[in-house]
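The values are calculated or read from the model by the stated rules, or taken from the named source; none is laboratory data. If you're wondering where the values come from, they're calculated on a predicted model, not measured in any experiment. Cβ placement follows ideal geometry from the backbone for every residue including glycine, while neighbour counts extend to all protein chains displayed.
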């Protein structure tokens, strides 16, 4: 708006465009965030009653209380493991699928539509469906394994984190594939033609043309998926519940603290800590992406 | 303007006059709530006070109730809250104190003492009441009576164990029977026990072993937990519970109330632990194939987890609504209405005389076992921090069942965490 003429009419028009969005932002983002910060310095309880200011006691509990710090540490480890594994597998599978689907072939459009279906469904509903698929005795997966003469494990009790990973990978690999496909399609065809004229081996073409030129978009996809996976909650709720040590992510512990244990003040402080952590990771990653883009620019 | 003010005044007067003409009761979504609604409709016919029973899925019940209590005025006038909630409801000023009213409105002598103590009173032994008994439930077992009565099975069992195949009186007998019926290749399993990691099902399942093996949650006077939660008896109880999972369907280390129920009603499991309130549905769907028995014991001790809920009035609703709710509770606890209540699906009375009566015991296939169970119920902590204690117990017991930690290590960690929670709450002495 800096370049706009400062007449009252145009200023009003500008505010009428920006105002509603600004109000929504304040009502649904800034106010809850500010309120959450206020709550984090109180001993607020879910069921009401009087609150008292407790200063930084909630933050001290998170970092120094032996019991909570142990739970927080375990949740942090579970979340990190889940995020790294889920994003890495989704990236590898998504990129491989994108490479396979890069060229036009008969039936490509319906195949793409089917592949994209999982990411369009609700994670909570998918979690409940997968619960049935992974059921130990009558679940379809174990029925198939049984027919093949293989062992039929109790998936949801013996391999809890694996179950979460399985469903997450099934849901979000198509997202990675979509972004990778967009990246691959944006690579100029002349580069491949030049490589073909030079008889460059396929692996070298992949390493020197395909991967580097796709990398910025893949990086963006990794950033988006990683920030999403760091907040993993719905699948945990649907598959194992928020209080299972093996799958308690930071978001599940946040829910457990605020709603099940009804400690709103402590939960608010914990939410701030989680938020700062996610922002820090995202900032580091965007800096890395900027650095990569700048390096490519210099090399290009 | 004067006309508008007059209309506003009239509508305000009308709304105040009708404030006590209806009450809203919140309870979980299950068959007993339907029965309560039917009785509420009868109450409305008699008194003109409408009763609306709002049902909430079990998985969200606690969250929604306490979230609503966070408001200045609750959306409900009465709540049928879990037995463990009473300490929180009483000490946080959420439940109306019924101490002065209840003994005058209800025949206290008619109430089963265990129901009165566990569902209504806080603190224990104080004679201060914050609820009236509504649903008096207990943990018990359903079993495949047709399998137990099959002559071929009886002969095979006798040949293997040297005794008749009959309803088990001890946990050791229970394990023998479970192992006998465990035939995974034929999709037939010995038992399903409560092990779910959600709200409280693992704790409710474990308690049946904990108490009969001689363990406990702690000293109710000092709130000491070390030496109680992790006593050798408690460890033995947990190890015994875990040993039963070898005779259960795949995935039975995480079976909540519904999954236990499903494993039985799908025809695959011989014995299933659950609350009696679920058994009317079992009896209806399985008929004579299903029988019911009270919790087995160990070394002469028998105990089972208390179920059920008390009827509490919100302290955050209008006095007119509170009075209407009191009228409904007093009406509901009259013997005539209790006789009607026990005819509703899963409607379990706290009326001791009805529970003992031969007519009640023989009215359904599960009533006798229920009546026996009420005499031996015990409950988890009902202090204001019950929810943190419960969540910690669910987590540590789960680790023991999953094999992540040995039973002793899991219970040591649990005793330490419980002690920390009691200390932080200012209860530990």
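Remarks
- Restricted to region B:1-120, the set of helices (runs of 4 or more DSSP H) holding at least 1 residues that are closer than 19 Å to residue B:337 by Cα, more than 13 Å from chain A (Cβ to nearest Cβ) and modelled with pLDDT of 95 or more comprises B:31-47, B:102-105.
- Within region A:117-133, if we keep just the residues that are free of Cβ contacts under 8 Å to residues at least 60 places away in the same chain and within 14 Å of chain B (Cβ to nearest Cβ), the residue that is surrounded by the fewest Cβ atoms within 10 Å (Cβ to Cβ) turns out to be A:132.
- Screening residue A:278 against (1) under 26 Å from residue A:54 (Cα atoms); (2) modelled with pLDDT of 85 or more leaves a single unmet condition, (2).
- Answer from B:90, B:31 - the residue that is more than 22 Å from residue B:386 (Cβ to Cβ) and in contact (Cβ under 8 Å) with a residue 24 or more places away in the chain: B:31
- Verdict on residue B:327 being surrounded by fewer than 22 Cβ atoms within 10 Å (Cβ to Cβ) and not assigned by TED's automatic domain parsing to the domain that holds residue B:397: yes
- For region B:105-146, filtering for residues that are within 27 Å of residue B:206 (Cα to Cα) and surrounded by fewer than 20 Cβ atoms within 10 Å (Cβ to Cβ) leaves 6.
- Those helices (runs of 4 or more DSSP H) of region A:1-116 in which 1 or more residues are in contact (Cβ under 8 Å) with a residue 60 or more places away in the chain and within 14 Å of chain B (Cβ to nearest Cβ) occupy A:31-39, A:57-64, A:66-100.
- Residue within region B:303-311 that is surrounded by fewer than 24 Cβ atoms within 10 Å (Cβ to Cβ), touching a residue at least 40 places away in the same chain (Cβ under 8 Å), within 30 Å of residue B:180 (Cβ to Cβ) and more than 14 Å from chain A (Cβ to nearest Cβ) present: yes
Residue-by-condition table, conditions (1) facing another protein chain (nearest Cβ under 9 Å); (2) within 28 Å of residue A:154 (Cα to Cα); (3) buried (at least 22 other Cβ atoms within 10 Å of the Cβ); (4) at pLDDT 95 or above:
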{"residue": "B:375", "(1), (2), (3), (4)": "no, no, no, no"}
{"residue": "B:387", "(1), (2), (3), (4)": "yes, no, yes, no"}
{"residue": "B:395", "(1), (2), (3), (4)": "yes, yes, yes, no"}
{"residue": "B:402", "(1), (2), (3), (4)": "yes, yes, no, no"}
{"residue": "B:414", "(1), (2), (3), (4)": "no, yes, yes, yes"}
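- In region B:195-210, the residues that are under 30 Å from residue B:153 (Cβ atoms) and within 14 Å of another protein chain (Cβ to nearest Cβ): B:195, B:196, B:201
- Leading residue by the ranking (farthest from the other protein chains (Cβ to nearest Cβ)) among those in region A:146-161 that are loosely packed, with under 13 Cβ neighbours inside 10 Å and more than 22 Å from residue B:247 (Cα to Cα): A:148
- Residues of region B:211-241 classified as within 14 Å of chain A (Cβ to nearest Cβ) and either surrounded by fewer than 20 Cβ atoms within 10 Å (Cβ to Cβ) or in contact with a strand residue (DSSP E or B) (Cβ under 6 Å, 6 or more places away or on another chain) (or both), total: 0
- Scanning region B:170-194 for residues that are closer than 18 Å to residue B:159 by Cβ and within 14 Å of another protein chain (Cβ to nearest Cβ), we see that the one that is surrounded by the most Cβ atoms within 10 Å (Cβ to Cβ) is B:190.
- Among residues of region B:242-286, those that are more than 24 Å from residue B:35 (Cα to Cα) and crowded, with 18+ Cβ neighbours inside 10 Å, counted: 19
- Some residue of region A:134-145 being within 14 Å of chain B (Cβ to nearest Cβ) and touching a strand residue (DSSP E or B) at 6+ places or on another chain (Cβ under 9 Å): yes
- Residues that are more than 9 Å from every other protein chain (Cβ to nearest Cβ), in contact (Cβ under 8 Å) with a residue 60 or more places away in the chain and part of a helix (DSSP H, G or I), drawn from region B:416-429: B:418, B:419, B:422
- Exactly one residue among B:407, B:391, B:371 is within 14 Å of another protein chain (Cβ to nearest Cβ) and under 30 Å from residue B:247 (Cα atoms), and that residue is B:391.
- Highlighted here are the helices (runs of 4 or more DSSP H) found entirely within region A:185-300 that include at least 2 residues which are more than 14 Å from chain B (Cβ to nearest Cβ) and in contact (Cβ under 8 Å) with a residue 12 or more places away in the chain: A:189-197, A:211-230, A:250-255, A:264-299.
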